[in-house]
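The values are calculated or read from the model by the stated rules, or taken from the named source; none is laboratory data. Given the structure is predicted, the values throughout are model-derived calculations rather than measurements. Using ideal geometry, Cβ is built from the backbone for each residue, glycine included, and neighbour counts are taken over all protein chains shown.
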Amino acid sequence: MNKHIENIENNGYTLLENVFDKSLCDKAKSLSLKYIDNNKFVYDISASSSPLARKDREKILNNLQNKDYFYFNFISNQDICEIIGYFLKNGSYLNNEPFHLINSQVRCLEPNSPVQQLHMDSNLPGKGSYPLVMIVIIMLDDFTSENGATRVVPSSHLRDDYAESNKKYENEISIKGKVGDVIIINGSLWHGSEKNSTSLERWSINIGYARWFIKPSFDIPRSLNKDIYNKMNEFERELMGLKTVPPIDEFDRLTRKSNRDFLHWENK
Ligand SMILES: O=C(O)CCC(=O)C(=O)O
Ligand SMILES: [Fe+2]
């Protein structure tokens, strides 16, 4: 763990090898494909002006936490959450304030999927500050130099500016690895996927975690379902941010943190 903490502190990312079995990764792909095919999702891309919202050469399944409890094999993996917890608790009161899930996605780059703009997921450069957001990328296929591996600009989490549009930086590198390997990235690191120049798909699970007071990408507490909730352990429920939903007004509660789950399902 110390090696990974050092890597993330200095370079902004680390690679954990062989965290998940190939069989679990294959199941994640086939299950996700089933959800994608059965649902024929239509996304309103006109509602967003970011080039990151263009998904024409991708298959995407968002909000894994409300699709199937199976995905918690990845979302709440202990080895991953230990490292994430170190970074997202560090500097908070007694180094022990909670962190929560802010997005989770299965992402498939289809053949000829274009390069993704270098970006940060934290909405704020990291220079001189504690990390606010951490990203996990789980390889469901080998990541190679041809099929759209994640590229990063090492140590860019220490800068105070943003990557230029459509620019390839001299010192950027692609993180290659095997199915079941995991990349952990400081959310302020400049990163994005490469072009997929092969005739095969490149699948990954991409997960975002943040300090508890950072707004998630989707309303995770309100979109949970009870079947999945009932299977979750206490840590997983807290990871969904159920105890940090703001009260509706001061008569509901006087603090943002609560002793009880927002959904009030815990004793039923
Ligand atoms: O899939 C990848 O390699 C990175 C994806 C990413 O950074 C994103 O969609 O925000
Ligand atoms: Fe990203």
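Things worth noting here:
- Condition broken by Leu15, with the remaining ones in (1) in a helix (DSSP H, G or I); (2) within 20 Å of the chain's Cα centre (by Cα) satisfied: (1)
- Here the strands (runs of 3 or more DSSP E) wholly within the stretch 168-230 that include at least 1 residues being within 16 Å of ligand 1 (Cβ to nearest atom) and basic (Lys, Arg) are 202-211.
- Selection within the stretch 12-53 - closer than 18 Å to Thr150 by Cβ and not aliphatic (A, V, I, L, M): Gly12, Tyr13, Thr14, Glu17, Asn18, Phe20, Cys25, Lys29, Pro51
- Output for the stretch 176-209, where each listed residue is more than 23 Å from Ala53 (Cα to Cα) and in contact with a strand residue (DSSP E or B) (Cβ under 6 Å, 6 or more places away or on another chain): Lys176, Gly177, Val179, Asp181, Val182
- Flag for Leu31 being of a type in the set (A, V, I, L, M), under 27 Å from Leu200 (Cα atoms), at pLDDT below 95 and part of a helix (DSSP H, G or I): no
- The residue that is farthest from ligand 2 (Cβ to nearest atom), counting only those in the stretch 86-124 that are farther than 20 Å from Ile205 by Cβ and among the aromatic types (Phe, Trp, Tyr), is Tyr93.
Here's the yes/no breakdown for (1) loosely packed, with under 15 Cβ neighbours inside 10 Å; (2) out of contact with any helix residue (DSSP H, G or I) (no Cβ under 8 Å at 6 or more places or on another chain):
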residue	(1), (2)
Val179	no, no
Val182	no, no
His191	no, yes
Arg202	no, yes
Gly241	no, yes
Ile248	yes, yes
Arg260	yes, yes
Glu266	yes, no
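- Residue match in the stretch 135-150 (condition: within 15 Å of ligand 1 (Cβ to nearest atom) and over 24 Å from Ser23 (Cα atoms)): no
- The listed residue being within 15 Å of ligand 2 (Cβ to nearest atom) and surrounded by fewer than 17 Cβ atoms within 10 Å (Cβ to Cβ), out of Ser217, Ser197: Ser217
- Screening Lys257 with (1) closer than 21 Å to Arg211 by Cα; (2) not in a loop (DSSP other than H, G, I, E, B) gives one miss only, at (2).
- Within the stretch 34-69, if we keep just the residues that are modelled with pLDDT of 95 or more and among the basic types (Lys, Arg), the residue that is nearest to Leu140 (Cα to Cα) turns out to be Lys34.
- Single match in Leu158, Leu140, Leu132, Leu118 (criterion: of a type in the set (A, V, I, L, M), within 21 Å of Glu238 (Cβ to Cβ) and in contact (Cβ under 8 Å) with a residue 60 or more places away in the chain): Leu132
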